[in-house]
Ligand code: SF4
C-alpha cells in the first residue's frame with residue numbers, strides 16, 4: 001500500500017481556478033507521457049516509497065487545508081484514488097491534476113479534477129482519453145496547453161465535440177506554453193472567436209523562476 005512520491009511541498013497554487021491559494025502539493029513519481037514542453041521531467045523517476053499514513057502525516061505537518069495531488073501522472077499509480085479518498089476523509093479540500101490519458105472516474109467525485117487534454121504540439125495528443133469529457137463532474141476543470149494556432153484549433157474542436165456547452169458547466173482553461181506562445185496572441189484569438197474560456201497564465205512562474213517550486 002505504498003506510493004512512489006517525488007516530493008511534498010507547500011507553495012502557491014498556480015494552475016487552476018484556485019491559482020493564488022496556498023496549497024500542499026503531493027507530487028507522485030512517474031508519467032506515461034513525454035510532452036515536448038514538460039517542465040517536471042525530474043518527476044519521471046526517483047522519489048521515496050511512502051505509505052498512505054506517512055503521506056497524510058507529512059501533509060498534516062504543513063498545516064494547510066488545501067492539497068493538490070499531481071505528478072508526473074498521478075493515476076498511473078494504483079493507490080492514488082485511495083490516497084485521495086483518505087485525504088478527503090480527513091477533511092482536506094483536494095485537487096488532482098491529470099494528463100487526461102487515464103480514466104478519471106476511479107477518483108472520488110468530491111476531488112476536483114483538472115484534466116489536461118493534450119494538444120498536437122505536445123506530441124502526445126493521441127494519448128488523451130476523450131471519454132473523460134463525459135466523466136467530468138460539474139466542479140471539474142479542463143485545460144488545454146496551447147503552443148501554436150494548430151493547438152488552438154484542436155482545442156476548439158474538442159470543445160465542439162461535447163453535446164452540452166461544456167464552457168457553461170465546467171471551467172475551461174487555455175494556457176499558453178510558457179516561453180513559446182505569447183499570452184497576448186492567445187488572448188487575441190480567444191477574443192476574436194468569443195470563446196467562453198479562461199486565459200490561464202501559470203502564476204507560480206511569474207512569482208518565482210520557472211523551475212522553482214516556491215517558498
Ligand atoms: S503529462 Fe505532464 S508530467 Fe507528463 S510529460 Fe506531459 S507535461 Fe510532463
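The values are calculated or read from the model by the stated rules, or taken from the named source; none is laboratory data. Worth saying up front: this structure is predicted, and the values here are computed from it rather than measured. As a convention, Cβ positions derive from the backbone with ideal geometry for all residues, glycine included, and neighbour counts pool all protein chains shown.
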Per the filter on region 21-49, residues farther than 15 Å from residue 8 by Cα and away from the ligand (no atom under 14 Å from the Cβ) are 21
Selection from region 1-20 of residues assigned to a strand (DSSP E or B) and either at pLDDT below 95 or over 15 Å from residue 93 (Cα atoms) (or both) yields 2, 3, 4, 5, 6, 7, 8, 9, 11, 12
Which of the residues that make up region 30-42 are out of contact with any helix residue (DSSP H, G or I) (no Cβ under 6 Å at 6 or more places or on another chain) and closer than 19 Å to residue 84 by Cα? 31
What is the residue count in region 21-49 for residues that are without any contact (Cβ under 8 Å) to a residue 60 or more places away in the chain and in a loop (DSSP other than H, G, I, E, B)? 9
What are the residues in region 50-79 that are assigned to a helix (DSSP H, G or I), buried (at least 16 other Cβ atoms within 10 Å of the Cβ) and more than 14 Å from the ligand (Cβ to nearest atom), if any? 52, 55, 56, 59
